[in-house]
Amino acid sequence: MRVLIVYALTAVLFICNDAAAFSTKSLAKKHAMQPTTQLMMKQHISRRRLMISTISSISASAGLSQSALAAPPLTAEEADNFQARLERGLRSKPARVLRQRMNIDFAVLLMRSSYNAVDELDIVAMDQFQKDFFLIRQAEYQYYSDSLGVGAMQQGDLADPNYFDFISFAQYATISREIVNPPAVFEEQQPVEVGEGQPQKFDAVVVRRDPAIKNTDLPRIHTEIVGNAILDKLIEKFGETASAIPTIEPGSRPDAVTFLAAIKQMVNLFTLSGFAWEGGASMVQGSSIKDTQFSIIFTSPATLWSGQSLAAKKAVVTNDFALKTVKAMATRAGYKVVKDSVNYKGNQEITTFSVV
């Protein structure tokens, strides 16, 4: 029990609260004063808890066990074994480039939407995800911090692009581990409301994923959930302002110029939110929109190191947040993104894609 609380305290605080409630100071204050499991209970009602009333007694009668039905939990030894150290040594070191601080709400949005997508997909017990996430962070942190140099990063500060780069890598490395051939049924420990000053208690709840969802579809669906969450928040925050993304009617399949205008403004909002030092979008127009190649270039983005490192380890899902958001935009417009790629050159992240 104590181990679970420590893991949750150090790994999940910033992704369980509502993004609007976050500020750099309030994050530190809550982190210091209140156990994460209590924050989860008070501020984050699990979707599963609303949908599934099966508790530990039913789990026992059904003959289910955590070890038999869940993906194998990560161990500290596995997180820092020879293969992990070798991969770490071959990985590109984080670039020491000038990057602006991120808007804290936007940083939390990117982390939280990625976490919530895992929860929604029912691919792993979230208490196990939190522990695995913690172990990957623990194994990776010192090497990353030493590579940057003393004083180059403020640990725990999501608005610090150097820290965000690290924590986003750890999150997506964990997601990529959990999303490959996950079990369809598993147990999850969920916090129970207790009185003031009482020790936290948990119920074991049996979670069953929708059998209609194939394991091979999970990475795509995760991308869709995250992309839609980011796009919805940008529309909610800027929709009534001069910075709004140009409206595209659902299913209207606009021409290339109209679609590019929407992409450009989305990129502007990412940049305005501190995601990159600068950003822009362009296209090489063909005879039709299907023959047009779009590109997005961010200079010194907050995912400069993590994006490259996730690609190097051939992660099943990566933190390509702009591409995820573009895919959501394209789907709503009646298109599908194809021939997409994310590459890195110097301190630039270059995303290219077409639509059909």
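Only the coordinates and a few stated rules stand behind these numbers; no lab work does. On a predicted model such as this, the values are computed, not experimentally measured, just so you know. Virtual Cβ from ideal backbone geometry, glycine too; neighbours counted across all protein chains shown.
For segment 108-208, the set of GluC sites (Glu not before Pro) satisfying both a DSSP loop assignment and a count of at most 13 other C-beta atoms within 10 Å is given as Glu193, Glu196. With 32 Å as the limit on Cα-Cα distance, the pairs of Lys237/Lys314; Lys233/Lys336; Lys214/Lys313; Lys214/Lys264 that go past it are Lys237/Lys314; Lys214/Lys264. Charged neighbours of Phe294, selected by a Cβ distance under 11 Å, balance to +1 (K, R count +1; D, E count -1). For Thr75 and Lys201, the FRET efficiency from 1/(1 + (r/R0)^6), where r spans their Cβ atoms and R0 equals 22 Å, is about 0.30.
For segment 279-323, the set of trypsin sites (Lys or Arg not before Pro) satisfying both a DSSP loop assignment and a count of at most 11 other C-beta atoms within 10 Å is given as Lys314. Does anything in segment 95-129 have its amide N under 16 Å from the 7 Å Cα→Cβ label point of Ala184, and if so which residues? Backbone N within reach: 122-124. In the frame of its principal axes, segment 161-200 has Cα extents of 38, 34, 9 Å, reported largest first. Taking segment 177-195 and a reference point 7 angstrom along Cα→Cβ of Ser147, the backbone N atoms nearer than 19 Å belong to 177. Stretching Arg208 away from Ser282 to a fully extended chain increases their span by 22.3 nm, per 0.36 nm per residue minus the current alpha-carbon distance.
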